[in-house]
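Chemist: Below is the structure I would like to discuss, written out as structure tokens.
The values are calculated or read from the model by the stated rules, or taken from the named source; none is laboratory data. All figures in this text were calculated on a predicted structure; none of them were measured in a lab. Cβ coordinates were reconstructed from backbone atoms using ideal geometry, including for glycine residues, and neighbour counts include every protein chain displayed. Accessible surface is based on the protein model in full, side chains and every heavy atom, while ligands, DNA and RNA are left aside. Shrake-Rupley method; radii C 1.70, N 1.55, O 1.52, S 1.80 Å.
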Amino acid sequence: MKNRFDASRRQFLKTGIAAVGAGVFLSTVNLNPAFADASPIGTAGKQARVAIPSLSVYSQPWDEARIIYQAFRDDLMNVYYEVESDHGPGYNPYWYRVWGGYIHSGHVQLVDTRLNQVDYSVNSAPAPGVLGEVTVPFTQAKLHNRDGSWRNVYRLYYESVHWVVGVETGPDGRAWYRLKDEFFDVDSLDYFIAADHMRIIPTSELTPVSVDVPWTQKRIEIKIGLQQLTAFEYDREIFRTTVSTGIIKDVPDGQIPTATPTGTFNIQNKMPSKHMGDGNLTDDPDAYELPGVPWVSFFEPVTGVALHGTYWHRNWGLTMSRGCVNMRNEEAKWLYRWCTPRTPTLAIDTIGLGTQVIVS
């Protein structure tokens with residue numbers, strides 16, 4: 001059993017990926033689950049948000065140890081350090097030491113709490129607005145009813161991305177951002193969150209990378225058996241990571257398969273923010289509603305399968321989705337910027353024939 005305080009993916013993304021953008025090839029990089037920075041997790045102030053209805057806390061880092069207690073959805077747990085357990089599971093052997101025991105890393109989200117200054121310039125931003133990223137573990141969105149009252153709708157989670165179209169006075173008298181959900185795109189269904197719970201994403205984080213490489217010389221390969229995604233330029237591997245593809249199971253006739261389809265595709269539509277789910281306005285945290293899924297690159301047009309960031313699990317290496325390819329948020333963001341069609345700085349979606357995607 002090993003404690004892990006090793007170098008992080010974010011360090012790689014700050015340095016190695018910058019080299020890709022400059023046209024410098026990277027050696028093969030195997031990105032295993034790790035913390036968002038290299039300092040011990042306690043001093044970094046990390047917390048784990050429980051992302052499923054209930055989560056067992058074990059006396060030891062393995063799933064046959066004694067259960068100490070249960071944590072529940074959206075509980076926040078201080079993480080002292082990470083452990084690579086000799087007991088696995090093999091696809092994801094990483095556990096977190098928390099108060100009283102250990103939790104498996106697969107069904108939590110590592111979060112921070114960072115409050116922000118209100119950016120009133122969003123009031124003058126042209127359509128479609130600006131992009132904002134949630135910087136607290138979760139924040140309660142509210143709908144402003146016609147009679148002046150407020151009601152809860154979604155909980156918006158850490159690192160989810162949303163379109164911000166204005167600043168208004170919220171139910172507590174403070175500044176709240178007005179968010180437009182592309183699923184509805186109706187002004188009366190805009191909802192609001194406390195403005196200090198969101199950072200406005202600067203356009204410098206949205207510019208395309210590796211633009212000098214012709215689009216025909218970029219390729220993405222996804223190996224379902226390995227749960228692995230690899231990016232290539234000129235047939236040379238520049239990026240590799242573990243992912244979570246669709247759950248392989250039988251579905252009734254007429255229902256959309258949950259397995260990720262295999263074959264050769266192309267990126268066809270890119271969206272920096274996408275509401276996935278049933279499209280109901282609800283405050284039920286267990287409903288299938290995922291507003292603000294970040295950095296979405298659709299490659300299969302019939303059932304809408306995409307590469308995208310993920311704020312509801314960390315179970316990389318295991319099939320988890322309803323068909324899409326779940327990725328770490330920072331990696332999905334880089335891939336979104338790297339692949340084609342090239343995206344304008346601020347656009348709800350970008351449609352066009354883009355980077356080849358081979359799924360096998």
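Chemist: Would you mind computing Rg(Cα) / (2.2 N^0.38 Å) for the stretch 206-359, counting N as its residues? Numbers along the way, then the final one.
Modeler: Values: Rg = 15.1 Å, N = 154, 2.2 N^0.38 = 14.9 Å.
Dividing the Cα Rg of the stretch 206-359 by 2.2 N^0.38 Å gives 1.01.
Chemist: Please calculate the 1.4 Å probe accessible area of L318, with all protein chains present, and give it to the nearest 10 Å².
Modeler: So the heavy atoms of L318 present about 60 Å² to solvent.
Chemist: So for the chain, what percent of the C-alpha to C-alpha distances run longer than 40 Å?
Modeler: Values: 7473 of 64620 pairs.
Tail fraction, whole percent: 12.
Chemist: While we're looking at this one, here's another question. Tell me the net charge near I256. Cut-off is 15 Å between Cβ atoms, I256 excluded, with +1 for each Lys or Arg and -1 for each Asp or Glu.
Modeler: Working: positive: K249, R322; negative: D250, D253, D278, E300.
It works out to a net charge of -2.
Chemist: To continue, here is another question. For the pair N145 and S204, what calculated FRET efficiency results from E = 1/(1 + (r/R0)^6), where r is the Cβ-Cβ distance and R0 = 45 Å, to the nearest 0.05? Working shown, then result.
Modeler: Numbers: r = 38 Å, r/R0 = 0.84.
The pair S204/N145 has a calculated efficiency of 0.75.
Chemist: Taking the full set of protein chains and a 1.4 angstrom probe, give the accessible area of V186 in square angstrom, rounded to the nearest 10.
Modeler: 70
Chemist: If R0 is 25 Å, what FRET efficiency do you get for I256 and D283 from their C-beta distance, rounded to 0.05? Please list the in-between numbers first.
Modeler: Values: r = 26 Å, r/R0 = 1.05.
E between I256 and D283, to the nearest 0.05, is 0.40.
Chemist: Among G246, L290, M77, flag the residue with its Cα farthest along the positive direction of the charge dipole of the chain, charges on Cβ as +1 for Lys/Arg and -1 for Asp/Glu.
Modeler: About the Cα centre, the residue reaching furthest to the positive side is M77.
Chemist: Could you tell me what percent of the accessible area of the chain is made up of carbon and sulfur, with a 1.4 Å probe and every protein chain present?
Modeler: Values: 7890 of 15560 Å².
On the chain, the fraction of accessible area on carbon and sulfur atoms equals 51 percent.
Chemist: Here's something else I'd like to know. Residues of the stretch 121-201: accessible area per residue at 1.4 Å, in Å²?
Modeler: Computed with neighbouring chains in place, this is 39 Å² per residue.
Chemist: Quote the accessible area belonging to D283 in square angstrom, nearest 10, computed with a 1.4 Å probe and with ligands, DNA and RNA left uncounted.
Modeler: Solvent-accessible area, nearest 10 Å²: 90 Å².
Chemist: Let me ask something additional. Considering the zone a paramagnetic label at D187 would reach in this model (a point 7 Å from Cα along the Cα-to-Cβ line), which residues of the stretch 121-135 have amide N under 19 Å from it?
Modeler: Taking a point 7 Å out along Cα→Cβ of D187, the residues of the stretch 121-135 whose backbone N falls under 19 Å are 122-130.
Chemist: How large is the dipole of the stretch 246-288 about the Cα centre if only Lys and Arg carry +1 and Asp and Glu carry -1, each at its Cβ, rounded to the nearest 20 debye?
Modeler: Values: 3 positive and 6 negative charges, 79 e Å.
So the dipole magnitude of the stretch 246-288 works out to roughly 380 debye.
Chemist: Something else now. In nm, to one decimal, how far is the I248 label point from the N123 one, both placed 7 Å along Cα→Cβ?
Modeler: Using points 7 Å along Cα→Cβ, the separation is 5.6 nm.
Chemist: Rounded if a/c is under 1.5, else prolate if a/b is larger than b/c, else oblate: which is the stretch 121-201, with a ≥ b ≥ c the root eigenvalues of its Cα gyration tensor? Don't jump to the answer; show the numbers that get you there.
Modeler: On the way: a/c = 1.35, a/b = 1.12, b/c = 1.20.
It is rounded, given that a/c, with a ≥ b ≥ c, falls under 1.5.
Chemist: Next question, about the same structure. Provide the gained length on full extension for the span L353 to R174, in nm with one decimal, where the gain is 0.36 nm per separating residue minus the Cα-Cα distance.
Modeler: Values: separation 179, 0.36 × 179 = 64.44 nm, distance 4.42 nm.
So the extension gain works out to 60.0 nm.
Chemist: Could you calculate the contour length gain from N78 to S360, that is, 0.36 nm times the residue separation minus the distance between their Cα atoms, to one decimal place in nm? Present the calculation step by step, with values, prior to reporting the outcome.
Modeler: Numbers: separation 282, 0.36 × 282 = 101.52 nm, distance 3.90 nm.
Gain on stretching N78 to S360: 97.6 nm.
Chemist: Among A71, A125, A48, whose mean-square fluctuation peaks in a Gaussian network model of the chain (Cα, cutoff 10 Å)?
Modeler: Top of the fluctuation ranking is A125.
Chemist: With every protein chain left in place, what is the accessible area per residue of the stretch 206-359 in square angstrom, probe 1.4 Å? Write out the running numbers ahead of the final one.
Modeler: Working: 6120 Å² over 154 residues.
Here the per-residue accessible area is 40 Å².
Chemist: Next question. Can you show me the helix-derived [θ] at 222 nm for the chain, built from DSSP H runs with n ≥ 4 at -39,500 (n - 2.57) apiece and divided by the number of residues, rounded to the nearest 500. Don't skip to the answer; put the middle values down first.
Modeler: Working: 3 runs with 27 residues, N = 360.
Computed ellipticity for the chain at 222 nm equals -2000 deg cm²/dmol.
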